[in-house]
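The values are calculated or read from the model by the stated rules, or taken from the named source; none is laboratory data. For clarity, every value in this text was computed on a predicted model and none was experimentally measured. All Cβ positions, glycine included, derive from the backbone under ideal geometry; neighbour counts span all protein chains shown. The protein model used for the area step is the full one, side chains on, heavy atoms only, and it has no ligands, DNA or RNA in it. Shrake-Rupley method; radii C 1.70, N 1.55, O 1.52, S 1.80 Å.
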Amino acid sequence: MKVHLPNSAYLGNLDPFLQGFDPSNRDSLEITANEKWISVHPVVLSMITSLGLNLSPDQIHCQKLEAGSKHYLVRMGLFKLLNIPSNIEIVEHESAGRFIPLTQIQTSDELTRFITEMIPLLHLQAEQAKTIGYIVSELVRNVLEHALAKNGAVLCAQYYKKSNSIRIGIADTGVGIKSTISQSHPVETDLEAIHLALWPGITGTTRREGGTAQNAGAGLFFIKSIASVNRDFFVLYSGNGFYKLLKKTQTQRMRLHADPFKDRHTALEHLPYWQGTIVGVDITLDQTKEFSLLLEAIRKTYGTAVRERRKARYKKPKFI
């Protein structure tokens with residue numbers, strides 16, 4: 001496998017980075033980078049770490065990094081988690097208030113501890129911390145409950161004070177969305193599975209519209225909706241399928257769509273194959289004072305969507 005760290009790879013321009021990913025030869029991982037500068041979204045680091053955790057340290061080869069921003073990779077814990085040398089010396093700084101380093105979560109207890117110990121390090125207001133805690137919890141729960149990933153979930157996050165926003169990336173190398181969704185819903189492509197996974201009330205654990213009490217099939221829909229209302233990016237990548245929620249302009253009317261393809265988006269279905277699932281989201285925290293109103297709107301959209309899908313299902317002709 002080969003991954004190249006470019007001078008810029010954020011959710012807005014993530015597509016070219018993913019197109020350059022080489023998933024062949026799974027017995028090794030080669031990491032190369034731009035020689036002058038490296039500036040990447042946390043989801044990129046989560047992705048690389050997930051790949052590396054499936055290998056032994058001697059199967060991972062990272063070129064000597066020359067970029068002026070190479071220290072960021074050390075601070076985020078890339079080399080530490082993969083147990084490979086970096087040859088980069090840094091002065092350790094307190095991470096509180098700026099970032100959550102790469103973290104591997106394999107159990108519900110680890111998730112609870114992570115939420116309890118790590119989220120407060122960002123020094124957010126109570127309502128903001130609740131939002132981020134919810135997002136992280138839902139994303140990791142999806143991995144623990146559905147992905148069957150032997151290494152669990154890998155995530156990290158970066159807070160940007162100037163824009164008062166946080167960028168979160170999570171990755172796993174589990175069975176992927178198509179495998180999970182197809183347990184209860186017939187799908188032919190990875191993109192079709194992603195489409196269903198983002199639709200409220202759809203879950204791979206049951207054909208019942210609205211999911212079950214334990215799994216309401218709403219987590220990804222809620223997170224996409226939070227990004228949408230805040231006019232931020234959201235990305236979901238699994239198998240060959242890729243979905244990216246695009247930013248809304250300030251003049252665009254704010255609407256929550258149950259169907260993710262009705263949002264302004266990019267959808268691709270011929271990207272290099274990712275065994276597992278990757279999720280990236282940007283959240284502007286200025287908006288979270290209206291979070292309770294947002295949840296009310298999301299719940300209303302969710303309920304309406306489930307009812308409409310049930311009606312459509314029962315109207316289908318049945319042939320005996």
TODO: Counting other Cβ atoms within 10 Å, keep those with at most 16, restrict to DSSP loop, and tell me which chymotrypsin sites (Phe, Trp or Tyr not before Pro) in the stretch 1-104 are left.
DONE: W37
TODO: Please get the size of the charge dipole for the stretch 22-159, origin at its Cα centre, with Cβ charges of +1 on Lys and Arg and -1 on Asp and Glu, quoted in debye to the nearest 20.
DONE: 120
Open item on the list: If the only charges are +1 at each Lys and Arg Cβ and -1 at each Asp and Glu Cβ, what is the size of the charge dipole of the stretch 57-137 around the Cα centre, to the nearest 20 debye?
Closed with: 160
Task: Mean Cα-pair separation over length for the stretch 1-125, i.e. relative contact order, pairs under 8 Å, 6 or more apart, % - done: 21
TODO: Would you mind classifying the stretch 3-86 by shape? Square roots of the alpha carbon gyration tensor eigenvalues, ordered a ≥ b ≥ c; an a/c under 1.5 is rounded, otherwise it is prolate if a/b is larger than b/c and oblate if not.
DONE: oblate
Open item on the list: Not counting ligands, DNA or RNA, and with a 1.4 Å probe, what is L5's accessible surface area in Å² rounded to the nearest 10?
Closed with: 0
Open item on the list: How many angstrom lie between the Cα centre of the stretch 1-73 and the Cα centre of the stretch 116-164?
Closed with: 22
- [ ] Just list whichever of K80/K262; K2/K150; K70/K178; K150/K262; K130/K162; K178/K262 have alpha carbons separated by over 32 Å in the model shown.
- [x] K80/K262; K70/K178; K150/K262
